[in-house]
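Computed from the coordinates by the stated procedures, all read-outs in this text should not be read as laboratory data. Please read all numbers here as calculations on a predicted model, not as lab measurements. Cβ atoms come from the backbone with ideal geometry, glycine included; neighbour counts cover every protein chain shown.
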Amino acid sequence: MRGVLSIVASTVGMYLVVFFMPTFLVRVLHLPTSLSWMAGCVSGATMMVMCLVSGLLADRMRARKPMALASIALTTLLIYPAIALMTTHTGVPLAP
């Protein structure tokens with residue numbers, strides 16, 4: 001059961017960042033669709049690179065469980081502040 005919960009926690013974080021955030025940007029914050037697609041691509045690329053880095057770190061560590069739990073805890077703790085930050089600062093200086 002613990003393995004299922006850890007998979008669910010990491011999957012929910014990934015879906016929030018990759019799929020929900022672009023929709024949130026367009027429907028709630030009324031930002032351009034191209035910007036939301038760019039945000040999805042950047043988050044996907046970042047996750048791809050960080051998966052490689054965290055995989056290398058996990059291979060070097062003896063105890064992988066603390067690293068996995070820290071990742072889940074950080075994702076859980078940072079999702080709400082990220083959404084709050086996006087709703088208070090909706091201007092994007094790089095967008096046309």
Listed residues VAL42, VAL26, VAL17; which is in a helix (DSSP H, G or I) and over 13 Å from the mean Cα position of the chain (by Cα)?
VAL26
Being more than 15 Å from ALA82 (Cα to Cα) and among the hydrophobic types (A, V, I, L, M, F, W, C): is that true of LEU16 here?
no
Restricting to the stretch 54-68, give me the number of residues that are of a type outside the set (Gly, Ala, Ser), in a helix (DSSP H, G or I) and free of Cβ contacts under 8 Å to residues at least 12 places away in the same chain.
6
Could you list all residues from the stretch 29-53 that are touching a residue at least 12 places away in the same chain (Cβ under 8 Å), surrounded by fewer than 16 Cβ atoms within 10 Å (Cβ to Cβ) and within 19 Å of LEU78 (Cβ to Cβ)?
LEU29, GLY44, MET47
